[in-house]
Every structure is written in structure tokens, then in C-alpha cells.
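One structure is given below, encoded as C-alpha cells.
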Amino acid sequence: MRQLSCTNAAVNENTQKRRVGTDQLILTGGRSIRSWIRHRVTQALPSPLARTLKWVRSRGRGRLSAEARWQIFDRISPHMSMVDPLYEWLLESGMLDSAESLFSIGPGDGRLELRLAKNFGLTVGYAEPTVAFRDSLEASADAAGLTNRIVERQEGPYKPRRLTRRYDLILSSGSWYAAGYDRGTLDQTLSALTPNGVLIIALSSCDDFFMTERITRPTVMTAEDLAHWLGNQGVEHEVHRVERRVSNDLLLESGQLTELARDVLSFYTLRHWYKVPSRDRDRLKASLFRNKERGFFTRVRGLVVLYKSRQTYVVHV
Ligand SMILES: C[S@@+](CC[C@H](N)C(=O)[O-])C[C@H]1O[C@@H](n2cnc3c(N)ncnc32)[C@H](O)[C@@H]1O
């Protein structure tokens, strides 16, 4: 297990690159000026027309819907998911020796969670807002005879206050950005751990290829950003990292970006392929060309680990 090498300087540099657009000008009540105007105009129209307008507007900008984005994620995952390195890390950590229960925030298709349920007899709870992922997870659990291991389901965004049990492990793999820098969510999540429980938050590291090559939006929360915030909050935590090498050829073939590379660009820029800015395509191509000799690039995830027993502040129950 290696500690993360990124320094706070890297986080600060990352932070400085962030730009504030009109959409981020916040009115009282948390709504942006643009979305407020859009809301007022749309509310004045009959609902089918309003829906059509909304659809045309989103297509015009080439924005991916959440469902479309997760469909793309499903296609990318088999080639460069970080689930296997995370599983190996969990095995090595020894945490699984004593754990009996796991709650997963945003398990996706639940591959990791069901593997843990099968190999270590863990009971599993989850919060998953994406219907297709929930369906896939439940179908896999059914096929593997593991349905009775699933003890809690939140069919929507994660709501820590609504948890009905305590867990030995709470895992958020690639989903903590939805909670953001929210002390309430963090404290409530820590409250849902058993006395020796552990919260593991896995996020892309600033050393991840797609981060260093600026394919991922600079506003995306990295493990280092979260660790930096936790440090400022005085919350004790450890940071580890897991890596995976991915063959360059998966994204670049005969000098051209592959279908998979297009999916990657769509996923990270949140746009349909035909709306991905050419500078993003060029940047990815140039990075892959630079990497050609080596033949691979490295995906890096930071694991931010919080032990309930080491928390020195009062956790509200
Ligand atoms: C990048 S995927 C990660 C999937 C899987 N954990 C993995 O590591 O491969 C993010 C997941 O978080 C889920 N998600 C998004 N917002 C969420 C929220 N507010 N609460 C819980 N899960 C959320 C998505 O539906 C998706 O399954």
C-alpha cells in the first residue's frame, strides 16, 4: 500500500484552474441566474411543450443525460475500471477478515459488492439512483443466489439519515462527488459505522492519466481535494492509492482515436461525441502519441480511509 504522492500544491494549482461561469452565479436559495430565467420561461409554457423545449435545448448543447452517461460508463468499465485494484487492496488491507456488513454508495452494477458478498459472506446494503444499474445488480444477485444477502436498498440518491442499520464497511467508489464537501453527510455516514467500522472513499487521483492530461474537467473532486478538505476540517484520515495500467492501443489505433476513446471523451466532457470540442480530442490524441513508445497509461485512484475508532470529534447519532 503506497501513500499518495500528490501534494497540496497540486490541489491548489488544480483549484486555481477552475473558472466560474454564469451558471455558477448563485441567487439566494442556491439557484443560478440562468437556470432561474430558464425555469420562469419554461414554467409559463404548457408541460409537453416545456418538455420538448428542454430536450431540444439539451440536444443543442450536446449534453449527455445521466442515463446516457451511465450507458457509456458501462461500455468503458470492462476495459479500465478500477474495481479489480480496489478489490485487491481490500484483500491486502485485512479489513475483510473481521467485516460482516458492507454498505455501498453508488455501487453501479454491483460487481465488487457481490464479489465481496460471495467470497467473504458479507451482507450488503446500497444506495443507487440509476435504475439500469439497480436492475443489473439485482439480476446478478439473483443469478448468483445472493439476493438474501442484500439487506438494505436506497433506490435513489444516498441519504445517510435514512440508513436503518450500522455497517462494518461503508464504501463510496467513484460516487462521493455527489456528497461533495458536506460535513453533515460525512458525520452521518461515520455515525452509521459500527465501533470498529471503516469508511472508504475512492476517487480519481490528480495523478490519474485523464486528470494529468486534462481530459477530466478540472472541477471534478479528486481524492487529494477531499483529503485536503478533511485536513482543514480536522478529520483524521489516511490516503492510499491503487493503480491500473491500460494499453494505449485501446484508445489509439492506426493514429486514430478508437470507439472506446470517443466514449471516454464523451464521458469526461459530459457531451455527445459530435459535440466534444476538437481541442479535447486533439489533447487526448497528442497524449496517446506521446505515450506510444511506453505502450500504456496509468489510471490512479486515491482511497481516502476513515476509521470510526480514530475520530476524535463527537459524531451525532
Ligand atoms: C462512476 S460510477 C461508479 C460505479 C462503481 N461504484 C464503480 O466503482 O465502478 C458512480 C455511481 O454513483 C452513482 N451515483 C450518482 N449519484 C449518486 C448519489 N447521489 N447517491 C448514490 N449514488 C450515486 C451512479 O449512479 C453510479 O452508479
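Post the alpha-carbon centroid distance, region 74-127 to region 259-297, in whole angstrom.
Centre-to-centre distance over Cα atoms comes out at 29 Å.
Can you compute 3J(HN,Hα) from phi for each residue in region 141-152, using the Karplus curve 6.51 cos²θ - 1.76 cosθ + 1.60 with θ = phi - 60°, rounded to whole Hz and x for Gly and Pro?
5, 4, 4, 8, x, 10, 4, 6, 7, 7, 10, 7
Please give me, ordered by residue number, the trypsin sites (Lys or Arg not before Pro) of region 195-273 that lie in loop per DSSP and have at most 16 other Cβ atoms within 10 Å. Mind showing how you got there, number by number?
Values: sites: ARG214, ARG241, ARG244, ARG245, ARG262, ARG271; in loops: ARG214.
Sites meeting the loop and neighbour criteria: ARG214.
Is the shape of region 149-215 best called rounded, prolate or oblate, per the rule: a/c under 1.5 gives rounded, else a/b larger than b/c gives prolate, else oblate, with a ≥ b ≥ c the square roots of the Cα gyration tensor eigenvalues?
Prolate.
Below 8 Å between Cα atoms, with a sequence gap of 6+, how large is the relative contact order for region 64-310 in percent?
22 percent
Residue by residue through region 99-111, which ³J(HN,Hα) values in whole Hz follow from phi under the Karplus form 6.51 cos²θ - 1.76 cosθ + 1.60 (θ = phi - 60°), with glycine and proline marked x?
6, 10, 9, 9, 10, 10, 8, x, x, x, 7, x, 4
Could you work out the pair-distance distribution P(r) of region 221-317 from its alpha-carbon pairs, with 5 angstrom bin width and percents rounded to whole numbers?
Spelled out per bin, shortest first, that is 2, 11, 16, 15, 13, 11, 9, 9, 6, 5, 2, 0.
Tell me, what ³J(HN,Hα) does each residue in region 285-297 have, in order and in whole Hz, if you take phi through Karplus 6.51 cos²θ - 1.76 cosθ + 1.60 with θ = phi - 60° and put x for Gly and Pro?
4, 4, 5, 5, 4, 4, 7, 3, 4, 5, x, 8, 10
Can you bin region 64-310 into rounded, prolate or oblate? Criterion: square roots of the alpha carbon gyration tensor eigenvalues sorted a ≥ b ≥ c, rounded for a/c under 1.5, prolate for a/b above b/c, oblate for the rest.
Cα axes put region 64-310 in the prolate bin.
Would you please name the trypsin sites (Lys or Arg not before Pro) within region 81-147 that are DSSP coil residues with at most 14 other C-beta atoms within 10 Å of their C-beta?
Of the trypsin sites (Lys or Arg not before Pro), not one in the loops of region 81-147 has a Cβ with at most 14 other Cβ atoms within 10 Å.
Only the coordinates and a few stated rules stand behind these numbers; no lab work does. Computed from a predicted structure; not experimentally measured. Cβ: placed from backbone, ideal geometry, glycine included. Neighbour counts: every protein chain shown.
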